[in-house]
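Trainee: One structure, pasted below without further comment.
The values are calculated or read from the model by the stated rules, or taken from the named source; none is laboratory data. Since we're looking at a predicted model, the values are computed, not measured. For neighbour counting, all protein chains shown are included, and Cβ atoms are generated from backbone atoms with ideal geometry for every residue, glycine included.
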Amino acid sequence: MDTDLLFYTTPHITAPHAMFTRQGGVSQPPYTGLNLSFGVGDDPEAVRENREKVKQQLNVQYLASAVQVHGDQIVLVEGLSTDHEYQGADALITGQSGVGLLIQQADCQAVLLHDPKQRAIAAIHNGWRGSVANIIAKTIVVMQKKFNISPENLQAVISPSLGPCCAEFNNYQQELPASFQQWGDAKNHFDFWEISRWQLEEAGLLSSHITATGICTMCHQDFFSYRRAMKRQEGQGVTGRNGSVIGL
């Protein structure tokens, strides 16, 4: 256990999991702390060391991640014998023990899923484009096909991410479907935590099996935030990526 790491968990998910803050880790500014992304300009050796800390914390042998592209591609992780980063995917599923599924984020959601009966897990990178594509429902369909899961058995948590306090979409009429507008307000702010909860329930999850941490990454300095970095750095947006991980 690395006592320098700060992370969140929920008792509603019984699989090993953690939603990490930027606290701990070895990365230097502007990635200070536990940056878990190779794709933002950080020293790769620092990222590897940070990822090792995460693996040790959760007691997983291997870490599966993806070069995320805000799409709806889903990867089945199987037969892994080393850490691996898949190209062009935004959701990972597995039934392999000892594997941690990593989502990298800096305002987007990670949605972590666990079926304790079929011993299957998923980790979803869910930004607003993922919400529009309903990658949540698509991932659950793949879990049904690959692992014969029943959605009502799934446990889910929505990670710290951009909250309704800060999720401003001035072009929402072009970017978001009409069905999302019930979660908007007069300031063009949208509650994507509730949108994800709705999509999970529509996919068959029980409301009592869904947890949202309710922590806004832009408001809380413990987290990397792309929008905060854009504001502070006059549009540059150089920052690290938080990590959310679930394993078997």
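Trainee: Please work out which one of (1) crowded, with 24+ Cβ neighbours inside 10 Å; (2) under 19 Å from His84 (Cβ atoms) is the condition Lys146 fails and give its number.
Mentor: Status for Lys146: all satisfied but (1).
Trainee: Specify which of the listed residues (Val77, Val54, Val60) is surrounded by 19 or more Cβ atoms within 10 Å (Cβ to Cβ), in contact with a Leu (Cβ under 6 Å, 6 or more places away or on another chain), touching a residue at least 24 places away in the same chain (Cβ under 8 Å) and under 21 Å from His125 (Cα atoms).
Mentor: Exactly one residue qualifies, and that residue is Val77.
Trainee: Still on this structure: Being surrounded by 24 or more Cβ atoms within 10 Å (Cβ to Cβ) and either out of contact with any helix residue (DSSP H, G or I) (no Cβ under 7 Å at 6 or more places or on another chain) or in a loop (DSSP other than H, G, I, E, B) (or both): is that true of Ala156 here?
Mentor: No, not satisfied.
Trainee: Out of (1) touching a residue at least 24 places away in the same chain (Cβ under 8 Å); (2) surrounded by fewer than 21 Cβ atoms within 10 Å (Cβ to Cβ); (3) more than 30 Å from Asp43 (Cα to Cα); (4) not β-branched (Val, Ile, Thr), the odd one out for Phe192 is which?
Mentor: (2)
Trainee: What pairs can you find where one residue is in the range 28-51 and crowded, with 20+ Cβ neighbours inside 10 Å, the other is among the charged types (D, E, K, R) and in a helix (DSSP H, G or I), and their Cβ atoms are less than 8 Å apart, with a gap of 6+ or different chains?
Mentor: Close Cβ pairs satisfying both conditions: Leu34/Lys53; Leu36/Arg51.
Trainee: Something else now. On the basis of being surrounded by fewer than 21 Cβ atoms within 10 Å (Cβ to Cβ), touching a residue at least 24 places away in the same chain (Cβ under 8 Å) and closer than 28 Å to Gln61 by Cα, does Asp222 make the cut?
Mentor: When the stated conditions are applied, Asp222 passes them.
Trainee: Might you let me know whether the range 194-211 holds any residue that is within 19 Å of Leu6 (Cβ to Cβ) and either in a helix (DSSP H, G or I) or of a type outside the set (Asp, Glu) (or both)?
Mentor: Yes, the range 194-211 has at least one match.
Trainee: Has the range 4-23 got any residue that is acidic (Asp, Glu), out of contact with any Pro (no Cβ under 8 Å at 6 or more places or on another chain) and under 30 Å from Lys117 (Cα atoms)?
Mentor: Within the range 4-23 (the criterion being acidic (Asp, Glu), out of contact with any Pro (no Cβ under 8 Å at 6 or more places or on another chain) and under 30 Å from Lys117 (Cα atoms)), the answer is no, since none of the residues qualifies.
Trainee: Related question: Can you tell me which residues in the range 35-69 are assigned to a loop (DSSP other than H, G, I, E, B), within 18 Å of Arg241 (Cβ to Cβ) and in contact with a strand residue (DSSP E or B) (Cβ under 8 Å, 6 or more places away or on another chain)?
Mentor: Asn35, Leu36, Ser37, Phe38, Gly39, Asp42, Asp43, Gln68
Trainee: Next question, about the same structure. How many residues are touching a helix residue (DSSP H, G or I) at 6+ places or on another chain (Cβ under 9 Å) and either modelled with pLDDT under 95 or not in a loop (DSSP other than H, G, I, E, B) (or both) when one looks only at the range 14-23?
Mentor: Residues flagged as touching a helix residue (DSSP H, G or I) at 6+ places or on another chain (Cβ under 9 Å) and either modelled with pLDDT under 95 or not in a loop (DSSP other than H, G, I, E, B) (or both) within the range 14-23 amount to 3.
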